[in-house]
């Protein structure tokens, strides 16, 4: 009963209000309850936890884009996740302009499709770069030609294939690019009132900067929506990832080709002697016939060897390994 005031406390409060020491309006504002409106026509199917996990997934996706796209575009690519939000599909489609670059992707084994929207200036820059240009957008927006769409389709296939690894902790995907649309009216993959999650990425290709939006319908993610939380995400991360990456790196390095050269000896001659050199002339080296020669791997003096021949070809027999250069 500590909230019940005594008569003496009530009298003191009334006296303070009458004298102006207390402001009744101030107490009204502090006790006012803020009510959040809930739209029953648009139920919130994506929680903050779902959107937070989406951010983690597509941050991984952004890192893959920034490391793989330069191999195709031969330019520095920077990718950053801007935000993720839940809206209706009609809000997403109404915000699209024409022409637009929309990649419709089959998100198998999940039901339905997702959409990747690429900003027009990025599309023009990609086409220009793939055709050998500097990678700059057009000054005036126009429709994409069939040839330009065929070129961008190659990059959209890269976008599609790179989705597999970031989603591996949630589900084993087999995505496939169905088509590219330049008119938003032909990309009605779900009902306009259906809820979707939009993840916005900022792409910077060289000096050209633009947005890429990934539209993920709730009906497509419904089967795995319970897995889109950070607790499940971290609990399913494999501790052997570092080991598997190390094995792959070692295999890749073991197959790398490096230049190998054996140096018989060295000599110093004048430019005049070099200019007047004829066939049959002898150059005196600083080494003897029975001396060991240096074998270089790249620019590193790695082995000592004895010169010889094998099957009619010049060869060297390694006699020792120089450990100091490791």
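Just so it is clear, none of the values below were taken in a lab; they were calculated from the coordinates. A quick note: this is a predicted structure, and the numbers were derived from the prediction, not measured. Here the Cβ is made from the backbone with ideal geometry for all residues, glycine too, and neighbour counts use every protein chain on show.
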On a full-extension model of 0.36 nm per residue, what is the gain between residue 164 and residue 267, subtracting their alpha-carbon distance, rounded to one decimal in nm?
31.3 nm
Calculated FRET efficiency for the pair residue 309/residue 172, C-beta based, R₀ 51 Å, to 0.05:
0.40
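Which peptide among 60-69, 141-150 comes first, and what is the full order, when sorted by highest mean count of other Cβ atoms within 10 Å? Can you show the working numbers first?
Numbers: 60-69: 17.8, 141-150: 12.8.
Those peptides, ordered most packed to least, come out 60-69, 141-150.
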Label model pair residue 95, residue 78: point-to-point distance (7 angstrom along the Cα→beta-carbon line) in nm is 2.3
Extended-chain gain in nm, criterion 0.36 nm per residue less alpha-carbon gap, residue 71 and residue 274:
68.7 nm
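How big is the convex hull of the Cα atoms of segment 48-251, per residue, in Å³?
123
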For segment 146-196 and segment 99-137, what is the centre-to-centre distance using only Cα atoms, to the nearest Å?
9
